[in-house]
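Working notes, beginning with the structure itself.
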There are 2 protein chains.
Amino acid sequence: MSEKAPRSPSPAAPARPGDPLQLDLFVPYRLSVLSNLISHTVATIYGERFGLAIPEWRVMAVLGLAQHQGTPMCANAVAQRTEMDKVQVSRAVSRLLAMGLLGRTVDKADRRKANLTLTAAGTTVYQQIVPLALQYEGELLDTLETDELMMLERLLDKLTKTARGLSASFRPAEAP
Amino acid sequence: MSEKAPRSPSPAAPARPGDPLQLDLFVPYRLSVLSNLISHTVATIYGERFGLAIPEWRVMAVLGLAQHQGTPMCANAVAQRTEMDKVQVSRAVSRLLAMGLLGRTVDKADRRKANLTLTAAGTTVYQQIVPLALQYEGELLDTLETDELMMLERLLDKLTKTARGLSASFRPAEAP
DNA sequence: CCAATTTAGTTTCACCTGAAACTATTTCCA
DNA sequence: TGGAAATAGTTTCAGGTGAAACTAAATTGG
């Protein structure tokens, strides 16, 4: 029960040529394993009990909140809020329409857009899933102390911000 | 520049029925966004410069270390070390064999197994990628203070352990 | 005005992926 | 022994996914 081996003498020291790479100490790998583990469990919960895949659930989640706030949303707005791309949203929406959980009304003013809303059935499902989702999150975070939880939130923010920056900078040259 | 809104009065409070769910405060969602962002960038680096996908790189990473330690590995051992399933490993290995980065020798004692090793070409690639991977990780973690980095390691461990437990407990009944 | 560009959203294509079935070999034990 | 069960690894099949092409509507500017 004691696998200690600090990544390097001083934390976050610059990589030196010749350093070995131990996969299970490599943060991108560890994050990926954790995230996949969680997504898989969550997907199982949504999938088995409600026939929803994660992208579908995400769409419902933002529409449910929008509904709650009286702000109808179009597919594009959903895409931004969920950080999914428009293809994924388009597909999720058409599955949800087919399931009767969503309604769509073409915008009178701009006929390219369509406002999406939860149907009564969609609202029912939404209201069933939210507590399940929060329960899962609660159990996941249950073992964390208060300071750990606060730090988790902070780390998620910082790392996400940094990762966005690196995503741009590691991408090869851009066209003028 | 100040989006504050604590998830709930006391952190990790149990979910109450009627609680709304705000996707961008939901930890599984945030972890997924972060992990996808990182994976995408890393995949781009490996892919563009070396023609390797992430599963392929993972296989090379554990074989590279095994090599370094004089411990040849079979596909199954690789699967356990990388937490990938055997199908994924099988496919990654056959692509790497086709690229000439890996060699395979059927085990004399147990002819179902085959030992996998990096070829000279594979070793060259391995030695080029390791510093790149460590550089990316270094830049990602660069903005973190020492205490944040320590907490990150601890949180990854704790959450992964908890998530493994939940993965089992949320899964439906098992056959006798 | 109307042609060029932009924007919303969908479809296509080529690839990735996981689950389940399958092959080959080895181990277990009656 | 020898047949049942386990194990290593591959193949098949049935979706899921992103990038790029595409359609339709709206905006822009000459």
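Would you mind checking the pairs A:K86/A:K158; A:K113/A:K158; A:K158/B:K161; A:K108/A:K161 and listing those with alpha carbons more than 31 angstrom apart?
On the way: A:K86/A:K158 26 Å; A:K113/A:K158 34 Å; A:K158/B:K161 23 Å; A:K108/A:K161 38 Å.
Where the Cα-Cα span goes over 31 Å, the pairs concerned are A:K113/A:K158; A:K108/A:K161.
Each label point is 7 Å from the Cα along the Cα-to-Cβ direction; what then is the distance between the points at B:R49 and A:A120, in nm?
5.9
Once you charge only the Cβ atoms, +1 for Lys and Arg and -1 for Asp and Glu, what is the size of the charge dipole of the protein assembly as shown about its Cα centre, to the nearest 20 debye?
Numbers: 40 positive and 36 negative charges, 253 e Å.
Dipole about the Cα centre, nearest 20: 1220 debye.
For region B:55-140, what is the charge dipole size about the Cα centre, in debye to the nearest 20, if Lys and Arg each add +1 at the Cβ and Asp and Glu each add -1 at the Cβ?
Working: 10 positive and 7 negative charges, 102 e Å.
In debye, rounded to 20, region B:55-140 gives about 500.
For the ranges B:122-135, A:108-121, what's the packing order if you count other beta-carbon atoms within 10 Å of each residue, average per peptide, and put the highest first?
The packing order, highest mean first, is B:122-135, A:108-121.
For B:E48, what accessible surface area do you get with a 1.4 Å probe? Give it in Å², rounded to 10.
For B:E48, the solvent-accessible surface is approximately 120 Å².
Name the nearest-to-axis residue of chain B, judged by Cβ distance to the rotation axis taking chain B onto chain A, and quote that distance in whole Å.
B:S35, 2
May I ask you to find the residues of region A:101-147 that are shielded by at least 30 Å² of accessible area once the whole protein assembly is considered instead of their isolated chain (probe 1.4 Å)?
A:V130, A:L134, A:Y136, A:E137, A:E139, A:L140, A:L141, A:T143, A:L144
Taking a label point 7 Å out from Cα toward Cβ, give me the nm distances from B:R112 to the same spot in the other copies, shortest first, one decimal.
Its label point is 5.8 nm from the equivalent points in the other copies.
If you take the charge dipole of region A:55-136 about its Cα centre, with +1 on Lys and Arg Cβ and -1 on Asp and Glu Cβ, which of A:G70, A:A114, A:Q127 is farthest toward its positive end?
Value computed over the given set: A:A114.
Mind ordering B:141-154, A:91-104, B:57-70 by average Cβ neighbours within 10 Å, highest first? Could you put the intermediate results ahead of the total?
Details: B:141-154: 15.1, A:91-104: 17.4, B:57-70: 20.4.
Result, highest mean first: B:57-70, A:91-104, B:141-154.
Any idea what diffusion coefficient the protein assembly as shown gets from Stokes-Einstein, in µm²/s, Kirkwood Rh on alpha carbon pairs, 4 °C, 1.567 mPa s?
58
Only four residue types carry charge here, +1 at the Cβ of Lys and Arg and -1 at the Cβ of Asp and Glu. Report the dipole size of chain B about the Cα centre in Debye, rounded to the nearest 20. It would help to have the intermediate numbers written out before the result.
Working: 20 positive and 18 negative charges, 189 e Å.
Roughly 900 debye, rounded to the nearest 20.
Within 10 Å of each Cβ in B:53-63, how many Cβ atoms from other chains are there, averaged over the peptide?
Mean number of neighbouring Cβ atoms from other chains: 2.
How much area per residue is accessible in the protein assembly as shown when the probe is 1.4 Å and only protein heavy atoms are counted (Å²)? If you can, show how the numbers build up before the last one.
On the way: 19350 Å² over 352 residues.
That works out to 55 Å² per residue.
Just to be sure I understand the model, the point goes 7 Å from the Cα along the line to the Cβ. What's the resulting B:T71 to B:D107 distance in nm?
Inter-label distance under the simple model: 1.4 nm.
Once A and B are treated as a pair rather than alone, how much accessible area drops out, both sides summed, in Å² to 100, probe 1.4 Å?
Working: alone 13420 and 13420 Å², together 19350 Å².
Summed over both sides, the interface buries about 7500 Å².
How many nanometers, to one decimal and shortest first, lie between the label point of A:T71 and those of its other copies, if labels sit 7 Å from Cα toward Cβ?
For A:T71, the other copies' label points sit at 5.3 nm, shortest first.
Quantify, in whole percent, the carbon and sulfur part of the accessible surface of the protein assembly as shown (1.4 Å probe; protein heavy atoms only).
Looking at the protein assembly as shown in its full context, I get 54 percent from C and S.
Can you give the Kirkwood hydrodynamic radius for region B:41-156, in Å, rounded to one decimal and based on Cα pairs? Could you put the intermediate results ahead of the total?
Numbers: mean 1/r = 0.0654 Å⁻¹.
In region B:41-156 this quantity evaluates to 15.3 Å.
The values are calculated or read from the model by the stated rules, or taken from the named source; none is laboratory data. Fair warning: this is a prediction, and the values are worked out from it, not measured in the lab. Counting neighbours? That spans all protein chains shown, and the Cβs are built from the backbone with ideal geometry, glycine included. Protein only, heavy atoms only, side chains kept; ligands, DNA and RNA dropped before computing areas. Shrake-Rupley method; radii C 1.70, N 1.55, O 1.52, S 1.80 Å.
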